[in-house]
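The values are calculated or read from the model by the stated rules, or taken from the named source; none is laboratory data. Note that the structure is a prediction, hence the values are computed from the model and not measured. Note that we place each Cβ from the backbone using ideal geometry, even for glycine, and neighbour counts take in every protein chain shown. Only protein heavy atoms, including side chains, enter the accessible area calculation; ligands, DNA and RNA are left aside. Shrake-Rupley method; radii C 1.70, N 1.55, O 1.52, S 1.80 Å.
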Amino acid sequence: MRLSTVTWRRFKRNRLAFAGAVVVLALITIALGAPAIAPYEPTAIDLHNVLSPPSAEHPFGTDDLGRDVLSRMIYGSRISLSVGFVAVGIAISIGIIIGSLAGYYGGILDSVLMRFVDIMLTIPTFFLMLTVIAIVEPSIWTIMIVIGVTGWMDVARLVRAEFLTLKQRDFVLAAKTSGAGNLRTIFRHILPNALSPVFVAATFGVAGAILVESALSFLGLGVQPPNPSWGSILTTGKDYIEVSWWLSLYPGLAILITVLSYNLVGEGLRDALDPRLWETEGP
Amino acid sequence: MLYYTGKRLLMMVPLIFGITLITFLVIHLAPGGPVEVQTEMSTKVSAQARENLKRLYGLDKPLHEQYIDWIKRFVKFDFGTSFVDGRSVSRKILERIPITLIINVLSILLILSVAIPIGVMSAVKQYSAFDKVSTVFVFIGYSTPSFWLALLLMIFFGVQLGVLPISGFQSIDVSGMNLFERLLNWAKHLVLPVSISAFGGLAGMSRYSRSSMLEVIRQDYIRTARAKGLPERTVVLRHAFRNALMPIVTILGLMVPALIGGSVIFETIFAIPGMGKLFYESTMARDYPTVMGILVIGALLTLIGNLIADISYALVDPRIRVRGKEA
């Protein structure tokens, strides 16, 4: 039976992970269909309805400019989603390249690359991100790149570890003896076999990236106004903390539910992909 | 032991070099140097004035010379003077660092005293109701943005109940208080920041303690200990827990950068004048010398955290020391 079929069967059996996957799909649908779903324009200012509490017209209330919080949150889901996926895409690409080079070639290249990983792990990531964002203009692109560039180290270590064991296997020797070059051996023969842990790391990575994006936007270093992001709505929430609790409550709940769903999916994937847990029933 | 410590210290040297290099390059290769920021407010600033500013900060020299100059001063902990107020950067950092360290040490203690018992309990009673409930809480904890939790706690304890202050680390009238009142005042101000700072680590640490403990409990010597009739308490606390503690020490070292980075967020939210808030203000003002100084200091603190973790690891585990000698 194919590995993916087994994985899917095992994944489905994990109810929490399955629920997480359903929520993730729902969020993707909301993000894609934002213009159709949102009851108001996310940037429509209504100065007669400033900071009004949740009501029938505005289920999650309005902000300091009278904008509908629910609509802003629906559009904000686009930011979280795209930052999550693009940042993790960048992190994984860097991690795979560095990890496979280090693991495949070994020797001095391995030592140098792994010391680089050590250095990157020592610098407080959040400091590094803040520095870069403060230097370059803050925008959604800056955030994606910065989160990606500071988040690849775990993937690199995972891929390297996989390569260290895989490169000694017979099928690699077979590939080489039939004339495959180094690059072909790395990317066509070894890498596909090293990807399962990367998938798991990527799912957790999306969750982490969404959290970081919201923190950066909260500090005013993320998505710039008037574009809505869950983190920047929370900034307004902090400014009006004594009068408007709804500005603080709902966007944070949205972040919590989204991140929780990705984490549950990641945990489910990890269990489903771990052959050590297959013993009881066999693939 | 001395040999191991020495070797471990030597390994730090290339790391420190790499950290300073990355810090330096990140700041200097980025577009929009410090001069642009100081002059962009008025377009009337002449090219001549701009050149003067550049020369003042040594920005007209080639990059490698700037780096060497900076390293030479860095060895003496001289990070130059702030672009913002012209004060010495190391003095500015020194003023701010104690409060940040206090909060971080308190939150590490909080993490250890809460997370390890939870982890050990759920491992010992795996699949029990307690294990399941704590697993759910761990997942929610992992996924909660700590700054959001901070806002909610501020609304609840600060605004609704009015029992805790929501900003600063002491009241304005603190100088008129006696020692006891002062301590109480500080404690009240620190409850929320320390809890928030510890929050992120709590979930991770209890998870690690759980899996580390589960790993140990499956070992043969635990079965032996049980088989020879030792009370369960002794087996868990003396035989299992001591061995499970070692990986936990390492994880603690790895958590330091996240804690230090997190200080930016909670210090900004709670208006605590520590290193994190200084860092935030400096990046906003593009005060490069201060930013570089704090980046390097933050990385050094991480290195020291790792070093302490490694050394204590070697202290409790003789295998590490011996292997270190053979290699």
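Filtering the stretch B:67-82 to residues that are open to solvent by 80 Å² or more (accessible area, probe 1.4 Å) and outside any helix (DSSP H, G or I) leaves B:LYS76, B:PHE77. Of all residues in the stretch A:92-130, those being more than 29 Å from A:LEU173 (Cα to Cα), within 8 Å of chain B (Cβ to nearest Cβ) and part of a helix (DSSP H, G or I) number 11.
Each residue in the stretch A:161-218 was checked for being assigned to a helix (DSSP H, G or I), of a type in the set (D, E, K, R) and within 13 Å of A:GLY103 (Cβ to Cβ), and 1 pass.
Within the stretch B:279-309, the residues that satisfy the criterion of being of a type in the set (Gly, Ala, Ser) and crowded, with 24+ Cβ neighbours inside 10 Å are B:SER282, B:GLY293, B:GLY298, B:ALA299. Number of residues in the stretch B:254-278 that are surrounded by 24 or more Cβ atoms within 10 Å (Cβ to Cβ) and without any contact (Cβ under 8 Å) to a residue 24 or more places away in the chain: the value is 1.
Please find, within the stretch B:167-184, the residue that is least open to solvent (accessible area, probe 1.4 Å) out of those that are of a type in the set (Gly, Ala, Ser) and assigned to a loop (DSSP other than H, G, I, E, B). Per the stated criteria, the residue is B:GLY168.
Could you list all residues from the stretch A:220-234 that are part of a loop (DSSP other than H, G, I, E, B) and either free of Cβ contacts under 8 Å to residues at least 40 places away in the same chain or of a type outside the set (A, V, I, L, M, F, W, C) (or both)? Passing the criteria: A:GLY220, A:GLY222, A:GLN224, A:PRO225, A:PRO226, A:ASN227, A:PRO228, A:SER229. In this entry, A:SER229 is excluded by the filter for residues that are over 26 Å from A:THR7 (Cβ atoms) and either open to solvent by 10 Å² or more (accessible area, probe 1.4 Å) or over 22 Å from the mean Cα position of the chain (by Cα) (or both). Taking the criterion of being over 22 Å from B:GLY204 (Cβ atoms) and surrounded by fewer than 13 Cβ atoms within 10 Å (Cβ to Cβ), the residues of the stretch B:119-166 that qualify are B:ALA129, B:GLN160, B:LEU161, B:GLY162, B:VAL163. Scanning the stretch A:42-52 for residues that are in contact with a Phe, Trp or Tyr (Cβ under 9 Å, 6 or more places away or on another chain) and either within 11 Å of A:LEU70 (Cα to Cα) or open to solvent by 70 Å² or more (accessible area, probe 1.4 Å) (or both) yields a count of 1.
Under 7 Å between Cβ atoms, at least 6 apart or on separate chains: pull out the pairs that start in the stretch B:127-140 with a residue that is closer than 13 Å to B:ARG210 by Cα and end on any residue that is surrounded by 14 or more Cβ atoms within 10 Å (Cβ to Cβ) and of a type in the set (Val, Ile, Thr). Once the first residue is closer than 13 Å to B:ARG210 by Cα and sits in the stretch B:127-140, its partners that are surrounded by 14 or more Cβ atoms within 10 Å (Cβ to Cβ) and of a type in the set (Val, Ile, Thr) give B:SER134/B:ILE118. Right, A:VAL223: within 30 Å of B:LEU152 (Cα to Cα) and within 12 Å of chain B (Cβ to nearest Cβ) or not? No; evaluated as a whole, the condition is false for this residue. Confirm whether A:VAL88 is open to solvent by less than 30 Å² (accessible area, probe 1.4 Å), touching a residue at least 60 places away in the same chain (Cβ under 8 Å) and either within 30 Å of A:LEU166 (Cα to Cα) or in contact with a Phe, Trp or Tyr (Cβ under 8 Å, 6 or more places away or on another chain) (or both). It is true that A:VAL88 is open to solvent by less than 30 Å² (accessible area, probe 1.4 Å), touching a residue at least 60 places away in the same chain (Cβ under 8 Å) and either within 30 Å of A:LEU166 (Cα to Cα) or in contact with a Phe, Trp or Tyr (Cβ under 8 Å, 6 or more places away or on another chain) (or both).
Could you tell me whether the stretch A:134-143 includes any residue that is more than 14 Å from every other protein chain (Cβ to nearest Cβ) and small (Gly, Ala, Ser)? No: zero hits.
The residue that is nearest to the chain's Cα centre (by Cα), among those in the stretch A:232-248 that are under 24 Å from A:ARG78 (Cα atoms) and within 7 Å of chain B (Cβ to nearest Cβ), is A:LEU234. Selection of the stretch B:277-295 for residues being at the interface with chain A (Cβ under 9 Å from one of its Cβ atoms) and within 14 Å of the chain's Cα centre (by Cα) yields B:PHE279, B:ILE294, B:LEU295.
The residue of the stretch A:249-261 that is farthest from A:ALA19 (Cα to Cα), among those that are surrounded by fewer than 23 Cβ atoms within 10 Å (Cβ to Cβ) and within 9 Å of another protein chain (Cβ to nearest Cβ), is A:LEU249. Taking the stretch A:133-147, which residues are without any contact (Cβ under 8 Å) to a residue 40 or more places away in the chain and open to solvent by 40 Å² or more (accessible area, probe 1.4 Å)? Passing the criteria: A:VAL136, A:GLU137, A:TRP141. If you check B:SER197, B:SER211, B:SER167 for being of a type in the set (Ser, Thr, Tyr) and either over 21 Å from B:ILE118 (Cα atoms) or away from chain A (no Cβ under 14 Å) (or both), only one passes: B:SER167. One residue stands out among those in the stretch B:312-327 that are open to solvent by 40 Å² or more (accessible area, probe 1.4 Å) and β-branched (Val, Ile, Thr): the one that is modelled with the lowest pLDDT, which is B:VAL322.
For the stretch A:164-183, the criterion of being more than 14 Å from every other protein chain (Cβ to nearest Cβ), under 30 Å from B:TYR142 (Cα atoms), open to solvent by less than 40 Å² (accessible area, probe 1.4 Å) and not aromatic (Phe, Trp, Tyr) is met by none of the residues.
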